[in-house]
Every structure is written in C-alpha cells, then in structure tokens.
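Quick notes on the structure that follows.
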C-alpha cells in the first residue's frame, strides 16, 4: 500500500486467492462465500461447482481510491458494487485511519450469477469481467470476437481495471467498457455473465493446458487453436508519437528488439544479469534494443542500463514515454520482435501480428504461447521446473536477492539464435 490523502485509499493488485485472514467467518458468510470453497480443483467441471470468489458489497461511506497508481475512482455511499474477494479485503477498511468503507450487501453474487456457457446471444447482453492483468484479458478476446461475429445484435460489456482500458476500448467486439469494481445494476441487467476467476489460479488443469484453450472451454465454445489468437490495432496518434521518438533516437522501425524485463510476479522475473547477457548478445549482433514498462520503472531501467550493459549506445529506455498501455502497444507494432519473460508483452506482440519469444521458468511456455503462429520460447532447466507456483511471493528457492534461479541455466546464445529465426 502507498500513503494517500486522508480522503482516498490505494490498492494495487489482487490479494492471493487463498489468503483472506482479515475477513472473519461472519463477514465471509455475509458475502455469501465459505472459506472451504476457496480451494484448488482438478478441472473446469469441478470449478463450475465451486462458487466464484466474486462478491457484492455496499459502500457505507463515499470512498476514493487509486487502482494500480493509475486512476482515481470513487464508490458512492449506499450503492452496491461488484468486485473480487481480494479487492473487497483491500477496500473494506482503511488501515491508515481505521474507517470501514464497505460491508456485505444483502444481494448475493451467487443468487444473480448467470454463467455464459455457449447460449444464443442474439439481442442479449453479455457482461465480461476479469480481475487479472493484460495477458488474462487477451486470453478472453478471441472468444468475444467470435461471439460478436456469430451474434452481431448482442451487446458485450467488459469490466476491468482502468489501467487496461486503453487497450480494451480499441476492440471492435466491445460495446461498453466498465471500471472494476462496477455497480451491481450492470450485473443484474445483463442476460449472461462471463467471469474467469479460478480458471488459472485454482484449477490444476492450468498446469498443463494452454490458457486460451481453458478460457474458451470455460465459455462452452472450445474454439480451435487457429481462432485463439488475439487481434488489435494500435492507435494512430500513439504510433506517430513512437515514430517521432525512434527518429529522435536514430532507431530504424521494424528492426529493433523490444524487451520487457519483469513480470507482475517476482517468481516469473529473471535476475538482471540474465537480461544483461541477453541484451549484450543481441546488441553484439547489431540490433538496437528498447525496454518498455510503466513510467515508475524508468529510473530502475536507467540504472540497469548503466550498471550492466556494455553497448549502452544501442539500448533505449521507453518507460518514461509509456504513460498508458496504448503507448507500449504502438511501440510494439513498430518492432522486429519482442523478448520477454511470461508477461503481457508477448501477448500484445502476437495480437499485432508480430513475433514474440518468451522466457519461461515456473511453468512451460506451451501453456501460454502454443496457439501463436509467430512465437518461440525457452523453458528453464532445473530439477524443480515446472513448479507451477503462482502468486506475488519470491521463489522458495531464491537467494537473498529474491530472484528465481530457474532462469540461470538457460543458454543465452541459443535463445538469441532462435529469436533471429522467428518469422517476420
């Protein structure tokens, strides 16, 4: 948590699914959820019998907060809102001032939840929501594109964190974008709901099955792999901005390599020395390298470039320019390819018909990139791979620096050889 003005409250990411120690059994019952139901299941059929960890809460006071440092939001007193259980835990009481802002609503999510399982959507409304990150949203998109083509008269509403909306609003298959949390009236007013809580986090099938296949099966569609590739277009004004920046830096469009050095979780983030070896090999072969992330990472990336890299004149920090997600999407549309750990940039690349190369540790690259025609990946080589550990804690095998050791044995030259072989 970060310090915020007294009238506001900040939260960043979902609390790990199984950790709700702050919520008493009485509160959980009031929310319509039993702690016993927050468990791992073997397959999607079992998951359908386990109530989603989604709740409806009433604001007892006006509440202002900032989600992921991105946008101020406000919940209004006496209004019911839909949110993930982890978000409720973060917002229900302000630990800085001891003031309670949320309480369980009399309207229970499980009583109004109407899951979409392939029903006819002609003249119907489908409400889609997901509390995960960019990759999770792109896992959903091919299915929505398919449904809009099959049912052009349907209305598809998509609720997600505001930090992702610059991407979602460009999708032709979406009619309306909503902030998460959203008013319960949107839930009640929709004919069907498509949510994906637990499909990756609580289902052991996600250890072996590709996420796109799982999400499509969850909706009752089971689309073939060739349809499970996201598609989107960059915003023209952001592309022009990126072209101007490339010209300023003397970087030729469609020939540079774009990198993302970290994932949202430390367990999926290689140590700086690993990336230094990759970048040094790439720049030795004559490529320029751009590194992107959000602006808060800019100083970290500057230090990394100065402390670890030998061909500094060929490496450029785009973080300060990426004020919102659509800047990185535009930049990705102008690259030769991306190299990234398990993170959003791989999926963004393929959605723009650009090649990607993934660096995978806790789980194999096939469960994320298998459906992509222009993707390559390397899997880590250690006795503990694949551990399938998710969450926001460091790897149990990490040393004092907190970085996962599973990436340390990867053959750097082989990686860059395979990157150069990717189709353009």
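The values are calculated or read from the model by the stated rules, or taken from the named source; none is laboratory data. These figures come from a predicted structure and were not determined experimentally. Using ideal geometry, Cβ is built from the backbone for each residue, glycine included, and neighbour counts are taken over all protein chains shown.
Can you tell me which of 282, 338 is more than 30 Å from residue 171 (Cβ to Cβ) and in the same structural domain as residue 416 (by TED's automatic domain parsing)? Explain how you work it out, then say what you get.
On the way: 338 fails: more than 30 Å from residue 171 (Cβ to Cβ).
On inspection, the qualifying residue turns out to be 282.
Would you check if residue 135 is more than 18 Å from residue 182 (Cα to Cα) and over 23 Å from the mean Cα position of the chain (by Cα)?
Working: more than 18 Å from residue 182 (Cα to Cα): yes; over 23 Å from the mean Cα position of the chain (by Cα): no.
No.
Among the residues of the stretch 252-278, write down those that are surrounded by 18 or more Cβ atoms within 10 Å (Cβ to Cβ) and over 30 Å from residue 386 (Cα atoms).
Matches in the stretch 252-278: 256 only.
Inside the stretch 147-194, can you point out the residues that are farther than 25 Å from residue 52 by Cα, touching a helix residue (DSSP H, G or I) at 6+ places or on another chain (Cβ under 8 Å) and in a helix (DSSP H, G or I)?
Correct list: 166, 167.
In the stretch 285-303, which residues are assigned to a helix (DSSP H, G or I) and under 24 Å from the mean Cα position of the chain (by Cα)?
295, 296, 297, 298, 299, 300, 301
Can you find, within the stretch 155-170, the residue that is nearest to residue 102 (Cα to Cα) among those that are out of contact with any strand residue (DSSP E or B) (no Cβ under 6 Å at 6 or more places or on another chain) and surrounded by fewer than 21 Cβ atoms within 10 Å (Cβ to Cβ)?
163
Would you mind stating whether residue 8 is surrounded by 17 or more Cβ atoms within 10 Å (Cβ to Cβ), modelled with pLDDT under 80 and either outside the structural domain of residue 393 (by TED's automatic domain parsing) or closer than 21 Å to residue 161 by Cα (or both)?
Criteria not met by residue 8.
Looking for something in a loop (DSSP other than H, G, I, E, B) and within 23 Å of residue 33 (Cα to Cα) - is there at least one such residue anywhere in the stretch 131-141?
Yes, the stretch 131-141 contains a residue that is in a loop (DSSP other than H, G, I, E, B) and within 23 Å of residue 33 (Cα to Cα).
I'd like to check something: does the stretch 320-332 contain any residue that is surrounded by 20 or more Cβ atoms within 10 Å (Cβ to Cβ) and within 19 Å of residue 276 (Cβ to Cβ)?
Within the stretch 320-332, not a single residue is surrounded by 20 or more Cβ atoms within 10 Å (Cβ to Cβ) and within 19 Å of residue 276 (Cβ to Cβ).
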